[in-house]
Amino acid sequence: MATDLEKGLTKKMKTKIFGYTILVIVIISFLQGIFSYEVYKNIYLEENKKQLEVMVNEVERYIKNFDIQSLYKVYEKGYFRVTIIDNKGIVLYDSEADKNKMENHSKRPEIVKANKYPGKICFSMRKSKTLNNFFLYAAKKVEIGNKPIFIRVSVLLDKIDVILKKALIQTLKFALICIILGMVLTIGISSLLYQPLKGLISLITDGLKKFDIVELEEEEDLKWLTLSFTKLYQLLEEKINEINSLNDRLSALLNSIELGIIFFDYKKRILMFNQQAEKIFATKLKNGTSLLECIRIYELFEFLYNENTFEKEFEITINGQNKILKVTKKGIKYNEDKEGILLIVSDITFIKKLEKIRSDFVANVSHELKTPLTSIKGFVETLKDGIIEEKDVATKFLNIIEVEVERLVRLINDLLYLSEIENVKIPISEDEVNIKDVVNECIELLRFKAENKNVKIHLKLDDELKIKIHKDWLKQIFINLIDNAIVYNKENGEVIIEVEKLDERITIRVKDTGIGIPQNEIERIFERFYRVDKGRSRKLGGTGLGLSIVKHIVELYNGKIYVKSEVGKGSEFTIVI
């Protein structure tokens, strides 16, 4: 089918090219004939005009020297016709016709022009009514003896037909040459276009078959190409739109995944990636580039080329941040015979951090529980060994056991309280709480501890200042901050408590004059079981969970907590909630 179609289209193409070529040649030849005729005619007229100008001036000089009647002796029938006309249009002399039989010439075109421009030679080409032939006329208005007359000289245009024949012969010669060249050109162009056209028709027919199009296959006309191109263009545009839509959906899907994905072709060049991969590596990836061109991590580059390792964790530094990445590698076939590599990158930095916190937490809890339990066990064993019979010693041991038990109770209560806060199991009350009442309750609870160290507590806040918060949580904030301010204060020190309302938020400040916190430890003081002065904290019964509880409560209300401290001068905790 493709061969018959190619032959039909090629034959039709040659015929149309030949026809159009002949049509163009005919039009060009016709225009060339007209142009040649006009050129030859204009040359012929210009030569006659020059001769007429000479004759008019010659007749004028002759009349001025002699008279009009003397013209009969000089100008009879000849190449030029001479006519003298008075100002009223009456013919006074004519070298070829009887003046008495000639009509009035005042309306002749050349006479009208000459009358309008005296002294100037005016021309006109027309058919003579007297002699019934085409003449070129030249007329000039002059004054002879104060009497205006018109001198008219004409010449017979008997060579116009000769010029027309000459132009026709030139045109035919030109047309013949053009037809011969056109035929050669047509054959050459057809031959040049045949091979590309043959391949083009083959491609188009194959394309139409792939799209199951049959209604255009029987058209053996050049129009078939246009129709086929149009149809294929529409179908290709639809396919391209489908592919673009599919790519958009694929990109949206990839970008919605929290894992970094980079797909490499068989040459280890990037073929596809998602936004999360760029975010993890904090760089811009580009299709068609190698891994090292975009990500300067040589361990990852080696992992990509290592055929024996399919999963690995990397500890890297990106833009000054330490990250732990888990990278999985998989081989995926594409384009039937090619295999690429898919890298799946997980940022497990936070997970690792949580694992470490959990590990530290278990270790700390174990340690915190082990110390008092060991102490209790030791004293119980001592009592069982007979020391219980000694009342004073037994009482001392029991008091120590009681202290350790209370310490365990506080530790367990703090752990349970922290767990409840983290899981938001306690409902948030919408009741307004008077801040001063809560602060006074906390001061009263801690008054004995403050008096033992002679620490003075100063309170600065509005009596009517209120806040919407769970009362027990607000109480925990103040108890923990004030307790720390007393415990880590100096003898005869001070604790200043300030509460104010700024821009619809409550600002709480608790400042002490105690030992202070080293700058390198400020970031860690909110960690569970972390103590700046471990010996003092345990000695005074601290669990190491107070500030962690405060931080969690503040964050539940989208608040912020800030710390300023100087060793030896004291600390200031500021909460905005």
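If a residue must be acidic (Asp, Glu) and in a loop (DSSP other than H, G, I, E, B), how many such residues does the stretch 247-306 contain? Counting residues in the stretch 247-306 that are acidic (Asp, Glu) and in a loop (DSSP other than H, G, I, E, B) gives 2.
Could you tell me whether any residue of the stretch 391-410 is out of contact with any Gly (no Cβ under 8 Å at 6 or more places or on another chain) and modelled with pLDDT of 90 or more? No, the stretch 391-410 contains no residue that is out of contact with any Gly (no Cβ under 8 Å at 6 or more places or on another chain) and modelled with pLDDT of 90 or more.
The lone criterion from (1) at pLDDT 85 or above; (2) over 27 Å from the mean Cα position of the chain (by Cα); (3) surrounded by 11 or more Cβ atoms within 10 Å (Cβ to Cβ) left unmet by residue 308 is number (3). Of all residues in the stretch 517-541, those being part of a loop (DSSP other than H, G, I, E, B) and at pLDDT 60 or above number 10. Only one entry in 429, 375, 366, 419 is modelled with pLDDT under 75 and outside any helix (DSSP H, G or I), namely 429. In the stretch 466-516, the residue that is farthest from residue 452 (Cα to Cα) out of those that are part of a helix (DSSP H, G or I) and of a type in the set (S, T, N, Q) is 476. Within the stretch 140-192, the only residue that satisfies the criterion of being aromatic (Phe, Trp, Tyr) and at pLDDT 80 or above is 150.
When residue 116 is tested against (1) closer than 22 Å to residue 146 by Cβ; (2) in contact (Cβ under 8 Å) with a residue 12 or more places away in the chain; (3) not small (Gly, Ala, Ser), exactly one condition is not met: (2).
Hey, among 563, 576, which residue is at pLDDT 85 or above, in contact with a helix residue (DSSP H, G or I) (Cβ under 8 Å, 6 or more places away or on another chain) and under 23 Å from residue 507 (Cα atoms)?
The unique qualifying residue is 563.
The set of residues in the stretch 491-513 being surrounded by 16 or more Cβ atoms within 10 Å (Cβ to Cβ) and of a type in the set (D, E, K, R) consists of 494, 509, 511, 512.
All but one of (1) at pLDDT 85 or above; (2) out of contact with any Cys (no Cβ under 6 Å at 6 or more places or on another chain); (3) of a type in the set (D, E, K, R); (4) closer than 17 Å to residue 136 by Cβ hold for residue 107; state the number of the condition that does not hold. Failed condition: (4). Taken together, the criteria exclude residue 344 from residues that are in a strand (DSSP E or B), surrounded by 12 or more Cβ atoms within 10 Å (Cβ to Cβ) and in contact with a helix residue (DSSP H, G or I) (Cβ under 9 Å, 6 or more places away or on another chain).
Only residues that are modelled with pLDDT of 90 or more and within 21 Å of residue 434 (Cα to Cα): list them for the stretch 480-494, please. Residues satisfying the conditions are 481, 482.
Taking residues in the stretch 254-276 that are touching a residue at least 12 places away in the same chain (Cβ under 8 Å) and farther than 11 Å from residue 344 by Cα, and partners anywhere that are part of a loop (DSSP other than H, G, I, E, B) and among the charged types (D, E, K, R), the pairs with Cβ atoms closer than 8 Å and at least 6 places apart or on different chains are 270/286; 271/265.
Taking every residue in the stretch 445-459 that is in a helix (DSSP H, G or I) and pairing it with any residue that is surrounded by 12 or more Cβ atoms within 10 Å (Cβ to Cβ), at least 6 positions away or on another chain, the pairs with Cβ-Cβ distances below 7 Å are 445/479; 449/486; 450/457; 450/486.
This table checks each residue for (1) over 53 Å from the mean Cα position of the chain (by Cα); (2) closer than 25 Å to residue 431 by Cβ.
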residue	(1), (2)
463	yes, yes
468	no, yes
472	yes, yes
476	yes, yes
482	yes, yes
487	yes, no
498	yes, yes
501	no, yes
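When residue 324 is tested against the conditions (1) in contact (Cβ under 8 Å) with a residue 24 or more places away in the chain; (2) part of a strand (DSSP E or B); (3) out of contact with any helix residue (DSSP H, G or I) (no Cβ under 7 Å at 6 or more places or on another chain), the lone failure is (3).
The values are calculated or read from the model by the stated rules, or taken from the named source; none is laboratory data. No experiment lies behind these values; they were computed from the predicted model shown. Don't worry about glycine lacking a Cβ; one is built from the backbone with ideal geometry, like all the others, and counts go over all protein chains shown.
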